[in-house]
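Okay, structure first, notes after.
Values quoted throughout were computed directly from the atomic coordinates according to the rules given, and no laboratory measurement underlies them. Only a predicted model underlies this, so the values are computations on that prediction, with no experimental measurement involved.
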Amino acid sequence: MQPTPEWLAPPEPPARGELRRDRTLLDLLPTGILIYRLDRLLYANPAFLARMGYDSLHALEQAGGVDALYVEASHSLTSSTSEAGTP
């Protein structure tokens, strides 16, 4: 019996953020990524954590989670960068 051709093989399951390969891929992206559901933080890649100034997802959770990331209404909405830094 001949093996099944590769093009007839069942497709790999879609990325769900649960497999090590999915997390590895997200960790390598230079763009910051935060995945959350309601008020629960699920994942943040190193680029996101570095940009936001947190060492780990746990540190972000301890700082207040998603609420710690909201920009206060008193900050200017015209530009996210300035000589003084980012809000």
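Below are the figures for this structure:
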quantity: For segment 1-67: rounded, prolate or oblate by the Cα gyration tensor [a/c cutoff 1.5]; calculated: prolate
quantity: Net length gained if the chain between Leu69 and Leu25 were fully extended (0.36 nm per residue, minus Cα distance); calculated: 13.4 nm
quantity: Other-chain or far-sequence residues with amide H under 5 Å of Tyr43's (modelled H); calculated: Ile35
